[in-house]
1. Keeping to segment 80-111, report how many residues are basic (K, R) and either part of a helix (DSSP H, G or I) or surrounded by 22 or more Cβ atoms within 10 Å (Cβ to Cβ) (or both).
2. Can you name the residue in segment 51-67 that is open to solvent by less than 30 Å² (accessible area, probe 1.4 Å) and in contact with a Phe, Trp or Tyr (Cβ under 6 Å, 6 or more places away or on another chain) and is also nearest to R120 (Cα to Cα) among such residues?
3. May I ask you to say which residue of N244, N272 is assigned by TED's automatic domain parsing to the domain that holds Q134, within 14 Å of the ligand (Cβ to nearest atom), surrounded by fewer than 18 Cβ atoms within 10 Å (Cβ to Cβ) and not hydroxyl-bearing (S, T, Y)?
4. Would you pick out the residues in segment 44-84 that are of a type in the set (D, E) and closer than 22 Å to G282 by Cβ?
5. Evaluate the following for E307: is it touching a Gly at 6+ places or on another chain (Cβ under 9 Å) and either closer than 30 Å to Q152 by Cα or modelled with pLDDT of 95 or more (or both)?
6. Condition check: at negative phi and assigned by TED's automatic domain parsing to the domain that holds F111. Does V375 satisfy that?
7. Scan segment 250-265 and give yes if some residue there is away from the ligand (no atom under 16 Å from the Cβ), under 25 Å from the mean Cα position of the chain (by Cα) and in contact (Cβ under 8 Å) with a residue 12 or more places away in the chain, otherwise no.
Amino acid sequence: MIKSLRGMNDILNKDDYTRFTYFIQTATTVAQRYGFHFIETPILEETALFKRSVGESSDIVGKEMYQFEDKGGNDVCMRPEGTAGVVRAFIQNKLDRAGGTHRFFYHGPMFRYERPQKGRLRQFHQFGVESFGQESVYEDATMIMMVADILQKLGIGYRLQLNSLGCKECMPPYRDNLVNFIESVENEICEDCQRRKTTNPIRVLDCKNEKCQSLYENAPKLINSLCESCESDFSKLKKILDANNIAYEIDTNLVRGLDYYSKTAFEFVSDNIGSQSAIAGGGRYDRLVEFLDGRPTPAVGFAMGVERLMELIVMPEEVREGFYLGAMDEEAVELVISLTQKKRQDTKATCEYRSRNLKAHLKNADKANAQYCCVIGSNELESQTIWVKDLLNKTEETISLKDF
Ligand code: HAM
């Protein structure tokens, strides 16, 4: 028997698809309320796009890409995340030259060749948003409030972690400082961190090795050496979150696993799903558009991990809805199909193609979660009526087909 690949799952049982679609619908409604428009970009992109944006030193590009040569000899890659493709589309469609603000949301599968475990898949789904053209830190706050809104609508509790990664003014001197510090403990840190010292020093700060972590407690903190503009933005961000009752923790080790961030970085975590606790992450990436050959454009965004959220969603109680129709005699089957088709123009309606007895139809209607079980037998056919049972209010009546 051929099975699905490791870390790649079907979404097909009722609980899963109900949660999946409920999540996408809820997040879409919220994003639209914030003025965001849907964008769809291809799953397959040139490998160079991810190398230049997510960064060659990141684990995603270094170890986890589904990368191959296509039949035309092109070096291509299945997207490991959504931001790079949206930025590419933004530039390719010359929106960077149009000026103004452009706000997009998207959802779809992402691919990372990671070691699968609970909450960590090789094919997983993200819901994300990207906003271009807003320099104001209030846009960062709006992003965070949007995630908080989506989570609140889904009944999901969270902790919000916040950091500032500085800008091209304050990051380089901090990086030099940090490298000096790393050199002072170089013999005691793990091999990965020794490598990070040269490839991307700030990534040492989120090393999972306990010994490294305890050594880095004494490392210089970027938050203490932000330039005036980053400092002021970070204060404004905290102030507006306070004013809107969004609680946060400052996490000076939050550096994010992708290289394109500057200034605001944030992550929403849940304490109820085990070690893979990040349910959403994002931040500002003011240099990426220019880095991918577009006009300099400030940008900020986030993405949420759908599978991790699915198990946390508090689903609203399922309400009975719409119609189930059935025939009790063979000659009523085609009428049942036509009536179902009419009902479907306004509401949910399903039907059974075979004639069955009443008990079987009531059972089917219950399984379909219909509010009305409607049945036609030879008697009803003759009198041009239909028997209708309201499964919600437990009432029944026979009505004329004209009124039905
Ligand atoms: P990310 O933090 O790499 O950010 O991913 C966002 C979310 O995707 C994570 O918080 C997690 O919930 C989910 N996720 C990541 N990897 C996996 C996996 N292997 N299995 C299941 N879920 C996973 C980004 O991707 C950025 N593009 C976010 C962003 C948008 N920043 C700015 N704009």
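1. Looking only at that region, the number is 2.
2. E64
3. None of the others qualify; the one that does is N272.
4. Matches in segment 44-84: E45, E56, D59, E64, E81.
5. Yes.
6. No: the conditions fail for V375.
7. yes
Yes/no per residue for (1) exposed (fewer than 15 other Cβ atoms within 10 Å of the Cβ); (2) without any contact (Cβ under 8 Å) to a residue 60 or more places away in the chain:
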{"residue": "T18", "(1), (2)": "yes, no"}
{"residue": "P42", "(1), (2)": "yes, yes"}
{"residue": "L49", "(1), (2)": "no, no"}
{"residue": "E69", "(1), (2)": "yes, yes"}
{"residue": "M78", "(1), (2)": "no, yes"}
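The values are calculated or read from the model by the stated rules, or taken from the named source; none is laboratory data. The structure displayed is predicted, hence computed values, not measured ones. As a convention, Cβ positions derive from the backbone with ideal geometry for all residues, glycine included, and neighbour counts pool all protein chains shown. Ligands, DNA and RNA are stripped out before the accessible areas are found, and what is left, the full protein with its side chains, is counted by its heavy atoms. Shrake-Rupley method; radii C 1.70, N 1.55, O 1.52, S 1.80 Å.
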